[in-house]
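In what follows, a single structure is set out as structure tokens and then discussed.
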Amino acid sequence: MFKHLLFGAGMVLASATLGAQSQPDSLRDQHLKTVDINARIEQIERLPETQGGFLWSGKKNEVINLQNLDANIAEKTPRQIFAKVPGVFVYDMDGSGNQTNISTRGLDPHRGWEFNIRTDGIMTNSDIYGYPASHFSLPMEAIGRIELVRGTGALQYGAQFGGMLNYVIKQPDSTRKVNWETINSIGSYGLLSTYNALGGKIGRLQYYAFYSKRVSDGYRENSESDYDGQGLVLKYAASKNLTLGAELLRSNYIYHIPGPLTDAMFNADPRQSSRSRNYFNPEIYVPSVSLEWETGPRSLLVWRASAVLGERRSVMWDRPANIADTINRATFDYNARQVDIDAFNSYTTELRYLLHYHIGSNTSTLAAGMQYINNDLHRRQLGKGTTGSDYDLTIEPDAWGRDLHLKSNNIALFVENKFQITRRFSLSPGLRFESGNSRFIGSTTYYDPSELENKIEHQFPLLGINADFVAGKNHSLYAGFSQAYRPVILKDIIPGSILERTDKNLKDAYGYNAELGWRGATGGFKWDVSAFMLQYNNRLGSVSLEENGTFYILRTNIGNSLTYGLETFGEYGFEIADKLRCNIFTSTAFFHGRYQDAAVRSGNTTKDVSGNKLESVPDVITRNGISFKMRKWSLSGLYSFTAETFADPFNTVEPTATGAVGLVPSYGLLDLHMSYLIYNNMKLRLSANNVTDKQYFTKRPTFYPGPGIWPSDGRSVVLTLSVKL
């Protein structure tokens, strides 16, 4: 939008100048009136029909522009960043700013592992077949925009139910050789954050490099964080039609895990800690190379090769919240902690080809490609660690209780074609076929080797179709259907702790996404309303159980599930007075998520849970905001509400002694933001988060970081100064 306005302004100025030069002296001496050009960057946009080899026609998607977004960027507060994306469920567990844990349409939010998560189109899930969580954590200050595609786009990127989440790194000012940006924040609970970036263009080479550092004492006792991240992005225009790229990204943080709480502990003091000796440290590198080649006037070839390398490390005394970490009377010292290390060696190469062609007078589009994945997840667990209290991964010699390699390879072929049936109506059918396997190598305790599956096959076709109808000048109807698949992963087959057990007859999950929507804009009002349905068969879940007085967590196929609902977004902007603009929006989703044909074993009996609500699926999530902008000032408010949820398939209301099971109460949160543009290149922003100091929690996890209640942050204030030179 800015480029079009600036180009238009330049043409007007050039025409005026040339016109003045051709006029007589008497006219040339006249003064031109000053013209003010105002442009607004929309915070929510939509993806174009094609982009970078992807075909997005007819698929529900949102693009979040982080430039000028009123949000707590330093701590990545998801309810603020994704405020205008209806239905985003937020799970707080890893300390402020360390990780983004979200889901849509009733899926599991743990590290976003139901999404195909990417950075600049490069997949960053740690191991899509071994541990699909994304441990890679970019600083939000480095992100220019976030692209979120719902599950009906699965044929384009992968089999995930949740959709694709792509973080696009900022582009440098290509008109300058060097430009510099610094963003510095200070806030409650010892928050200090700095982000510094250099970028520009030298000849045919465009570059962007950044360094980020953030430390915090945390809201709770024993919840300090120490984060740093770096990145280098290079693009080289080899010719008018060929662009080469290379990136190297790194993220690293150490989080002092304060431990879970029981309900009694939470009610007494939600800021207290049950653990002082637990730590978590993922260090991840993401290198990549890419090529974009316009092979013809209507065709594009895109190739990317990338890797996810690094380790997920933890040292923990892992017990339920009602068991205190105390001195052992026999040794007069703490008990030894458990050390776990996952080493990721995940490699992906992806080739895409996009072709625009004519059928009659209409232009249709073919998108096809191939993806090859080769991963080696080296899992070392149950290491007997030290009895100390610091971050120490030292273990006794040869003390790994589990030393496994999960080696996976998978090839996917996909093709999708947008047929432009009429000038207004298009239909996009497609197919994706995946084939591969995962093999176990190594040893593990608590398991008879004969009971351990040595090879798991992955073979499945996915079908989908999308439609788009331009109903008017500024609004359209869209619809889509796509099958999805989630293979049984390493954690499902082999539990990560002595508290967990696994069903011996696990099955892969499969199902589909379907949606029908209407979006558009008229005057100052814009909207996007859609109905969706998500069928999830062989749904995997965790059940907290007791046997002979011993607490354990069973990982099993609960059964099938169906979630349907309505996702609504509406925003109205208008002028109140001269240069005073007001925007009001609502982003609201209604869910109906229930088990079908589902049963769970409890003790010696099997209980039917068909018709019960799905865990962490509220009836409603709504976020509503208002903002005022006048000259250099901006003021906005956001109210977020999430209805109550259950933590287990039994829909248990009364909490257990451990806090791992029970109702998760509803909560409403108020956030306020104010910003002031000091100069054109200097801005000051103040964020007041959870203004009413609501004490709440979002989920009762059954595995990492420990079963029980994990309190979310209370009231906090963050002050940010950004400068561009």
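The values are calculated or read from the model by the stated rules, or taken from the named source; none is laboratory data. Small disclaimer: the values here were computed from a predicted structure and weren't measured. Here Cβ is always computed from backbone atoms with ideal geometry, including for glycine, and neighbour counts include all displayed protein chains.
Points to keep in mind about this one:
- When the range 202-238 is filtered for residues that are in contact (Cβ under 8 Å) with a residue 40 or more places away in the chain and in a strand (DSSP E or B), the ones remaining, listed by number, are PHE210, SER212, ARG214, SER216, SER225, TYR227, GLY229, GLY231, VAL233.
- Subset tally (residues that are without any contact (Cβ under 8 Å) to a residue 60 or more places away in the chain and either part of a strand (DSSP E or B) or acidic (Asp, Glu) (or both)) for the range 484-508: 4
- Criterion (buried (at least 19 other Cβ atoms within 10 Å of the Cβ), under 25 Å from the mean Cα position of the chain (by Cα) and either outside the structural domain of GLU147 (by TED's automatic domain parsing) or at pLDDT below 95 (or both)) met by exactly one of GLY187, GLY162: GLY162
- If you go through the range 398-416 and pick out every residue that is of a type outside the set (Ser, Thr, Tyr), out of contact with any Pro (no Cβ under 8 Å at 6 or more places or on another chain) and over 30 Å from SER223 (Cα atoms), you end up with 12.
- Residue in the range 487-500 that is surrounded by fewer than 19 Cβ atoms within 10 Å (Cβ to Cβ), modelled with pLDDT of 85 or more and small (Gly, Ala, Ser) present: no
- Odd one out for VAL339, checked against (1) within 28 Å of ALA660 (Cβ to Cβ); (2) out of contact with any Gly (no Cβ under 6 Å at 6 or more places or on another chain); (3) not in a loop (DSSP other than H, G, I, E, B): (2)
- ILE341 meets each of the listed conditions (1) among the aliphatic types (A, V, I, L, M); (2) modelled with pLDDT of 95 or more; (3) at positive phi apart from (3).
- Residues being closer than 24 Å to PRO258 by Cα, in the same structural domain as TRP317 (by TED's automatic domain parsing), within 27 Å of the chain's Cα centre (by Cα) and not aliphatic (A, V, I, L, M) are entirely absent from the range 672-684.
- Where GLY383 falls short, out of the listed (1) without any contact (Cβ under 8 Å) to a residue 60 or more places away in the chain; (2) surrounded by fewer than 14 Cβ atoms within 10 Å (Cβ to Cβ); (3) out of contact with any Ser or Thr (no Cβ under 8 Å at 6 or more places or on another chain); (4) more than 30 Å from SER482 (Cβ to Cβ): (2)
- Of residues in the range 606-623 being modelled with pLDDT under 95 and in a strand (DSSP E or B), the one farthest from GLN596 (Cα to Cα): THR606
- Criterion (free of Cβ contacts under 8 Å to residues at least 60 places away in the same chain and farther than 29 Å from TYR347 by Cα) met by exactly one of PHE481, PHE419, PHE425: PHE425
- Flag if THR365 is assigned to a loop (DSSP other than H, G, I, E, B), of a type in the set (Ser, Thr, Tyr) and either touching a strand residue (DSSP E or B) at 6+ places or on another chain (Cβ under 9 Å) or within 17 Å of PRO487 (Cβ to Cβ) (or both): no
- The lone exception for PRO461 - which of (1) in a strand (DSSP E or B); (2) modelled with pLDDT under 85; (3) not small (Gly, Ala, Ser) it fails: (2)
- Residues considered: LYS694, LYS724. Of these, the only one that is more than 20 Å from ASN222 (Cα to Cα), surrounded by fewer than 16 Cβ atoms within 10 Å (Cβ to Cβ) and modelled with pLDDT under 95 is LYS724.
- In the range 547-568, the residues that are more than 28 Å from GLN483 (Cβ to Cβ) reach residues that are buried (at least 17 other Cβ atoms within 10 Å of the Cβ) and modelled with pLDDT of 85 or more with C-beta atoms within less than 7 angstrom, at least six apart or across chains, in these pairs: PHE551/PRO320; PHE551/THR658; ILE553/PRO707.
- Of the residues GLU311, GLU283, GLU292, the single one that is of a type outside the set (S, T, N, Q) and closer than 30 Å to TYR353 by Cβ is GLU292.
- Residue check, GLN483 modelled with pLDDT of 90 or more and either β-branched (Val, Ile, Thr) or under 25 Å from ASN437 (Cβ atoms) (or both): yes
- You will find that of ASP127, ASP120, the residue that is crowded, with 23+ Cβ neighbours inside 10 Å and modelled with pLDDT of 90 or more is ASP127 and no other.
- Just one of the listed residues (PRO282, PRO270) is in contact (Cβ under 8 Å) with a residue 60 or more places away in the chain, within 27 Å of SER389 (Cβ to Cβ) and either out of contact with any Lys or Arg (no Cβ under 7 Å at 6 or more places or on another chain) or surrounded by fewer than 21 Cβ atoms within 10 Å (Cβ to Cβ) (or both), namely PRO270.
- Odd one out for VAL718 among (1) out of contact with any Asp or Glu (no Cβ under 7 Å at 6 or more places or on another chain); (2) closer than 30 Å to SER193 by Cα: (1)
- Breaking point among (1) within 24 Å of the chain's Cα centre (by Cα); (2) not in a strand (DSSP E or B), for SER314: (2)
- Taking the listed residues ALA305, ALA336, the one that is among the hydrophobic types (A, V, I, L, M, F, W, C) and either in contact with a helix residue (DSSP H, G or I) (Cβ under 9 Å, 6 or more places away or on another chain) or modelled with pLDDT of 95 or more (or both) is ALA305, with no other qualifying.
- Evaluation of PHE591 against (1) in contact with a strand residue (DSSP E or B) (Cβ under 8 Å, 6 or more places away or on another chain); (2) farther than 30 Å from GLU45 by Cα (one fails), failing number: (2)
- Of the residues making up the range 388-419, those that are in a strand (DSSP E or B) and more than 30 Å from GLY430 (Cα to Cα) are ARG402, ASP403, LEU404, HIS405, LEU406.
- Within the range 253-305, the set of residues being over 23 Å from the mean Cα position of the chain (by Cα), farther than 30 Å from TYR236 by Cβ and of a type in the set (S, T, N, Q) comprises THR262, ASN267, GLN272, SER273, SER274, SER276, ASN278.
- Long-range neighbours under 8 Å by Cβ, at least six apart or interchain, first residue more than 24 Å from ILE576 (Cβ to Cβ) and in contact (Cβ under 8 Å) with a residue 12 or more places away in the chain within the range 518-533, second in a loop (DSSP other than H, G, I, E, B) and among the hydrophobic types (A, V, I, L, M, F, W, C): TRP518/ALA471; GLY520/ALA471
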